Each structure stands twice: as structure tokens, then as C-alpha cells.
Amino acid sequence: MSAIILFMAVSVTKLILAIAMAVASVRIFIGPRAQDRIVALDAVYVIAMLLLVTFGIGSGRTIYFEAALVIGMLGFVATVALAKFLMRGEVIE
């Protein structure tokens, strides 16, 4: 019984996250300003990280969790670099 509930919950979560990623991807392409595009890019990497976690929960493999951790770290650094570029016009001083 609990395996069926876990399978259904993971499946619904994957579907909802895929829809959220599609909406955020649309915002990346039609965002009116660069700030909107950066926030949408931030949302896309967070959603990708959450999708990997749900794949890991569904399959029981730890490699998905490690990949989600790497995506989270790289996404944070990319967001900080893009925000600094928008504020000052340069990333490295």
C-alpha cells in the first residue's frame, strides 16, 4: 500500500515540477528585463535540482542526490555572478 502511495506521489510531483520548469523556461525567453530572466534561470535550476531529488527518491539511487547537490552549488554561484554583473557591469574586479 505505501509503495503505491509513494509511486503516485513521486509521479505527481514530477509532473508538477515539469510544468513549473516549462513556465519558468517561457519566462527566460520572453522576460521583459534581464532581472526577470535571471530570476527565471534561478527557478529553473532549483526545479531541476528538485526533479533530480524526486528521481532519486523514486529509484533509490544516491547518484541523483549528489547531482542535485552539484547543480545547487553551481546554480548559486551562477546567480551571484549574474547579479554582480547586472549591478556593476563586470564580474571580476
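Nothing in this text is a laboratory measurement; each read-out follows from the coordinates by a stated rule. Worth saying up front: this structure is predicted, and the values here are computed from it rather than measured. Positions of Cβ are backbone-derived with ideal geometry, glycine not excepted, and every protein chain shown enters the neighbour counts.
Is there a residue being without any contact (Cβ under 8 Å) to a residue 60 or more places away in the chain, loosely packed, with under 12 Cβ neighbours inside 10 Å and at positive phi anywhere in the range 56-63?
yes
Could you count how many residues in the range 64-90 are surrounded by 13 or more Cβ atoms within 10 Å (Cβ to Cβ) and closer than 13 Å to L52 by Cβ?
Count: 8.
Check M21, M8 and return the single one that is part of a helix (DSSP H, G or I), loosely packed, with under 11 Cβ neighbours inside 10 Å and on the phi < 0 side of the Ramachandran plot.
Numbers: M21 fails: loosely packed, with under 11 Cβ neighbours inside 10 Å.
The match here is M8.
If I ask for residues that are of a type in the set (S, T, Y) and crowded, with 16+ Cβ neighbours inside 10 Å, which ones from the range 24-46 would you list? Walk me through how you get there before you give the answer.
Here is the first cut: in the range 24-46, the residues of a type in the set (S, T, Y) are 25, 45.
Within the range 24-46, just Y45 meets the criteria.
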